[in-house]
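To keep things clear, I will list the structure first and then write my remarks on it.
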Amino acid sequence: AAARLEGKTILITGASSGIGRSCALEFARAAPRDLRLILTARREERLQELKEEIRKEVGEGVKVLVRALDVADKDAVRGFVGGLEEGFKGVDVLVNNAGLVKGVARAPGIAEEDIDVMFQTNVTGLINMTQAVLPIFKARPDGGAGDIINIGSIAGREPYAGGSIYCATKAAVRAFTDALRKELIDTRIRVMEVDPGQVETLGVLMRLGFVVQEFSVVRFYGDKSKADAVYDGCDPLTPDDIAEVVVFVASRRQNVVVADTLIFPSHQA
Ligand code: NDP
């Protein structure tokens, strides 16, 4: 099945760490002879490191383009996707992965800025990328072809106290994904969603362009008592667990739409 990915161009957002980074590596491993990867995130130096890592692991068959891109910046997104260089123009798969949790708190206490950042990244950013890539897909014969894989979250299905805004953003991703799939019913464009449960990833808290604190998204910013209350006895998934599913979803026969996948660790009921 992985052979179906050969010759394809895959665009991943949020590829500088966590699940997005693992997706890049997993796609490269699946089609090492002939693949093009467009890796985006705000931290370009991490993308450069990943590019080198991919080259070392699979060799020169995978061509990698890296670019600093803030998905929330609509003009930058349009400009970048519209002006993709030769060899990378024909995006086949868009993995909308960029997303974050900011300022875990109950709704009345959440800073306005955190609400805006979560919606602008998780929802508007995902829509920006989708709208920029769709014309490439639509230009193909028979109404168009291509894959959109949105990374949602179990939080979009099962909202929890203390995550009201994040949960709302992921519920919005879910609604957008389902509606878009229906809007594109007459095309060969597949719109799919992968919803992870707890995954052990490192997020980075940025302020004014500087990394001020590395924290584990699933560990409540290092607050052990809060984390233990939720995660005690739980063994989170790894980013690779999610990446394997993303590659699986992207490598089905054209007629197979793995529309909606929920994946969580066995302890997470
Ligand atoms: P990470 O923090 O490790 O990765 C998030 C990625 O998103 C980073 O590469 C970051 O890169 C990028 N990003 C953040 N904001 C922007 C932006 N404005 N523009 C472009 N890129 C951006 O976390 P995860 O790997 O865990 O998260 C990936 C996705 O998985 C998210 O959508 C998250 O909601 C979802 N998810 C995660 C779960 C978990 O338990 N970890 C569970 C369920 C869903 P940079 O800072 O360089 O821009």
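The values are calculated or read from the model by the stated rules, or taken from the named source; none is laboratory data. Keep in mind the model is a prediction, meaning the values are calculated, not measured. No Cβ is skipped: glycine too gets one built from the backbone with ideal geometry, and neighbour counts run over all protein chains shown.
Here are some notes:
- Residues (of a type in the set (Phe, Trp, Tyr) and within 11 Å of the ligand (Cβ to nearest atom)) located in region 156-179: 166
- Pair list, Cβ < 9 Å and 6+ apart or interchain, from region 28-56 residues that are more than 26 Å from residue 3 (Cα to Cα) and of a type in the set (Lys, Arg) to residues that are within 12 Å of the ligand (Cβ to nearest atom) and assigned to a helix (DSSP H, G or I): 46/21
- When every residue of region 28-40 is checked against the conditions, none turns out to be loosely packed, with under 15 Cβ neighbours inside 10 Å and within 16 Å of the ligand (Cβ to nearest atom).
- Residues that are in contact with an Asp or Glu (Cβ under 7 Å, 6 or more places away or on another chain), surrounded by fewer than 16 Cβ atoms within 10 Å (Cβ to Cβ) and on the phi < 0 side of the Ramachandran plot do not occur anywhere in region 89-98.
- Residues of region 174-198 that turn out to be touching a helix residue (DSSP H, G or I) at 6+ places or on another chain (Cβ under 6 Å) and over 16 Å from residue 135 (Cα atoms), as a count: 8
- Residue in region 69-92 that is within 30 Å of residue 198 (Cα to Cα), part of a strand (DSSP E or B) and either in contact with a Cys (Cβ under 6 Å, 6 or more places away or on another chain) or within 16 Å of the ligand (Cβ to nearest atom) (or both) present: no
- Yes/no for residue 68 being without any contact (Cβ under 8 Å) to a residue 60 or more places away in the chain, touching a helix residue (DSSP H, G or I) at 6+ places or on another chain (Cβ under 6 Å) and farther than 30 Å from residue 253 by Cβ: yes
- Criterion applied to 56, 51, 63 was being in a helix (DSSP H, G or I) and away from the ligand (no atom under 15 Å from the Cβ), and the one residue passing it is 56.
- Count of region 129-179 residues which are within 13 Å of residue 11 (Cβ to Cβ), within 13 Å of the chain's Cα centre (by Cα) and assigned to a helix (DSSP H, G or I): 2
- Residue that is surrounded by the fewest Cβ atoms within 10 Å (Cβ to Cβ), among those in region 138-155 that are under 24 Å from residue 256 (Cα atoms) and within 12 Å of the ligand (Cβ to nearest atom): 154
- Sole exception among (1) within 13 Å of the ligand (Cβ to nearest atom); (2) over 21 Å from residue 251 (Cα atoms); (3) modelled with pLDDT of 95 or more for residue 135, by number: (1)
- Whenever a residue of region 151-164 is on the phi < 0 side of the Ramachandran plot, its partners that are part of a loop (DSSP other than H, G, I, E, B) and near the ligand (Cβ under 7 Å from one of its atoms), lying with C-beta atoms within less than 7 angstrom and at least six residues away or across chains, give the pairs 151/97; 151/99; 154/197.
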